[in-house]
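The values are calculated or read from the model by the stated rules, or taken from the named source; none is laboratory data. Please read all numbers here as calculations on a predicted model, not as lab measurements. No Cβ is skipped: glycine too gets one built from the backbone with ideal geometry, and neighbour counts run over all protein chains shown. The accessibility values were calculated without ligands, DNA or RNA, using every heavy atom of the protein model including side chains. Shrake-Rupley method; radii C 1.70, N 1.55, O 1.52, S 1.80 Å.
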Amino acid sequence: MYHIIINPTSKSGKGLSIWKSFEKLLSERNIPYKTYHSNHIGHVTELTEKITSKTTTAHNPINLIVLGGDGTVNEALQGISDFDMVNLGYIPTGSSNDLARALKLEHDPVKLMTKILDGAHPRMIDLGILTYESDTHIMSRLHKCPEQKSRYFIVSSGIGFDAAVCEEALSSSIKNTLNKLRLGKLTYLGIALKQLITAKPVACEIYLDGRDVIRIPKFLFTAFMIHPYEGGGFCFCPQADNGDGMLDLCVVGNLPKLLILIALPTAFFGKHYIFPQIDHYTASSVRIKTSLPLWVHTDGEVYWKSSQISISCLKQRLRFLD
């Protein structure tokens, strides 16, 4: 039995038509399934909670397939209470699809669904979990404030500039238009340039595995990566390994804005570490404190600004169907 959650508005409204291409495949194979359509922010989490609350065993886990973007997968993760009892599959129909890019998933949705149905054993991949620790939160203009003070992520998390870009992109009126023209990357690039110009210097302290401390007097952002890519193809951490139990950090400090403008495009190719004040670190857990509250994202989803967060990597915690 397969439970399939569909984000019908993904792929600029093509999510539903992509799903219809699978119906014949499932029917021909006589595979039992049930579909669920999301219709508001947070609905995927609600659906996932309902689906995965069913009684099951490790020998007979629930098979859940998500058809949507990285944000849709992120919502689904929040609804899973026991990752040992769920096999998660993913059909990418979003604008960024950084998870599909990193895992080198089949581009053809029907071929990918066929592989998922044929897969004998799920592969085990890492999950991240982020906890908001500061007392004061500023809510995103797009999302309602969730009850959870912790959120899972499968691709990346970040605080500062990259999260501010995500927060503005989520409510951008031009994003859908560019997605239809297959120019979705320009949404993030254009907003990134705007955010860069208006960014204010913020001091921060980064604690790696409770030992090493990195102090940055003028801080732009830190990305905490499970996979190499975020933001529609920025290869912030080419070394990231989704099964090693470690977070890869891209830390950007006090760079002149003109130099950042030059460095940013090189991040599509993972060449940005040639620039000063862009550094790479690894740790299984990280704690970060900033002098001002900054936007925080998990897989591009933005709920709060915060001045203190902790992030951990849960080694090979997710059973992934591909």
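Key figures
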| quantity | calculated |
| --- | --- |
| Sulfur and carbon atoms: percent of accessible area, the range 1-115 [1.4 Å] | 49 |
| 0 to 90° range, to nearest 10: angle between helix 161-170 axis and the chain longest Cα axis | 40 |
| Within straight-line cross-link reach of Lys50, aspartates and glutamates at Cα separation under 20 Å, skipping those fewer than 8 residues along the same chain | Glu75, Asp82, Asp84, Glu147 |
| Among beta bridges that DSSP assigns inside the range 1-79, antiparallel share in %, nearest 5 | 10 |
| Value of [θ]222 nm, deg cm²/dmol, for the chain, DSSP H segments ≥ 4, -39500 (n - 2.57) each, nearest 500 | -8500 deg cm²/dmol |
| Neighbourhood net charge (15 Å Cβ-Cβ; Lys/Arg +1, Asp/Glu -1) for Glu23 | +3 |
| Solvent-accessible surface ranking, highest first, for His280, His297 at 1.4 angstrom | His280, His297 |
| Structure-derived volume of the Cα convex hull per residue in Å³: which label, when the choices are (1) 158; (2) 148; (3) 125 | (3) |
| Of all DSSP beta bridges in the chain, antiparallel share, percent nearest 5 | 75 |
| Given charges at beta-carbon only (K, R positive; D, E negative), |dipole| of the chain in Debye | 760 |
| Cα-based helix-to-principal-axis angle, 109-118 vs the chain, degrees rounded to 10 | 70 |
| 29 Å Cα-Cα threshold exceeded, pairs from Lys289/Lys315; Lys200/Lys271; Lys115/Lys305; Lys20/Lys194; Lys115/Lys315; Lys104/Lys305 | Lys115/Lys305; Lys20/Lys194; Lys104/Lys305 |
| 25 Å tail of the calculated P(r), the range 205-322, as % of Cα pairs | 21 |
| Average accessible surface area per residue within the chain, 1.4 Å rolling probe, Å² | 45 |
| Pair Tyr33, His59: separation of 7 Å Cα→Cβ label points (nm) | 2.8 |
| Nearest 10 degrees, 0 to 90: helix 184-198 Cα axis against the chain principal axis | 20 |
| Evaluated over the range 1-54, the Cα radius of gyration and Dmax, each in Å | 12.1, 33 |
